[in-house]
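The structure appears below as structure tokens.
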């Protein structure tokens, strides 16, 4: 039997890993947070890291499914985009001066669509999947008790307030030299209502209604899953380039249509693949490697013009290090599966 100290260590290690991985994957590796701005990484850990840990703990505690996890991830993303940093509501500071591409009713709708997908996948799903692969023996556990969950929730709320104030009241006017933007009250109210709706659906009284068992579908080979994930990730991150005005002549509504088709296709296929008896951890890891590689590769486009050499070289080094660690994890997983196969019954 493990001692109390050992059991605490087994909970703390995966929690700290997930708190670190969520902002690293969502913000640092794609270059949204560059090396010259790494002073903001602790804030990202408080939002994405604590958010991902709390979401996972809730899903594991109540033994919920992927749809509940999706609802909570969407709630976190909407909070980030409309309440905390308000990036999807305020005019984008990276668009050409005087232009408001893909913006209607006070919403940067193409950017918002991209942000929802990116943050749900790279701030929640991928970090959780990767952390659970690293700590396979403990992936069914919540990792948090009531007290530790309350502490993390408090940190999360405090950091969210700090992030809101520092970005909307300081960074926008003083760093990017754009006016302070106050979103309409109705926009904040709609966002808050959507957040509460998703949270209630995920962990409220009717949470088990969404424990849907999809019809199993034989998963594609791992190499094909990885390639498909790479392509999907590349297409998705093309949306943000269009939102920033990389090709102003490209019809934004057509881009939204492409994004919706991609999202629906993924949501239809992946749960069915994962429900099949042949689904293994190497299938999960191949998708993780595919989406991360596609994200890191396409995000180099943002570094072509006007980036500091420190930021460019930093991204190259960090992306290469991430790929090496992912390959190491793949080799480690393969060896573990080979031992399971050859182990005497």
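Looking only at segment 60-70, how many residues end up being under 19 Å from residue 149 (Cα atoms) and touching a residue at least 60 places away in the same chain (Cβ under 8 Å)?
Number satisfying all stated conditions: 6.
Based on what the data block shows, is residue 194 touching a helix residue (DSSP H, G or I) at 6+ places or on another chain (Cβ under 6 Å) and at pLDDT 95 or above?
Against the criterion (touching a helix residue (DSSP H, G or I) at 6+ places or on another chain (Cβ under 6 Å) and at pLDDT 95 or above), residue 194 qualifies.
Please go through segment 172-188 and give me each residue that is in contact (Cβ under 8 Å) with a residue 12 or more places away in the chain and outside any loop (DSSP other than H, G, I, E, B), ordered by number.
172, 187, 188
Which one of these is surrounded by 13 or more Cβ atoms within 10 Å (Cβ to Cβ) and in a loop (DSSP other than H, G, I, E, B): 197, 227, 217?
It is 217.
Among 145, 106, which is over 22 Å from the mean Cα position of the chain (by Cα), under 28 Å from residue 11 (Cα atoms) and surrounded by fewer than 17 Cβ atoms within 10 Å (Cβ to Cβ)?
145
If residue 161 satisfies every condition in (1) crowded, with 19+ Cβ neighbours inside 10 Å; (2) at pLDDT 95 or above; (3) more than 30 Å from residue 329 (Cβ to Cβ); (4) out of contact with any helix residue (DSSP H, G or I) (no Cβ under 6 Å at 6 or more places or on another chain) but one, which is the exception?
Residue 161 satisfies all of (1) crowded, with 19+ Cβ neighbours inside 10 Å; (2) at pLDDT 95 or above; (3) more than 30 Å from residue 329 (Cβ to Cβ); (4) out of contact with any helix residue (DSSP H, G or I) (no Cβ under 6 Å at 6 or more places or on another chain) except (1).
Out of all the residues in segment 30-37, is one or more outside any loop (DSSP other than H, G, I, E, B), modelled with pLDDT of 95 or more and touching a helix residue (DSSP H, G or I) at 6+ places or on another chain (Cβ under 7 Å)?
Looking for residues that are outside any loop (DSSP other than H, G, I, E, B), modelled with pLDDT of 95 or more and touching a helix residue (DSSP H, G or I) at 6+ places or on another chain (Cβ under 7 Å), one finds none in segment 30-37, hence no.
Looking only at segment 295-311, which residues are part of a helix (DSSP H, G or I) and either modelled with pLDDT under 85 or buried (at least 22 other Cβ atoms within 10 Å of the Cβ) (or both)?
295, 296, 302, 303
The values are calculated or read from the model by the stated rules, or taken from the named source; none is laboratory data. Everything numeric in this text was worked out from a predicted model, so none of it was measured. For neighbour counting, all protein chains shown are included, and Cβ atoms are generated from backbone atoms with ideal geometry for every residue, glycine included.
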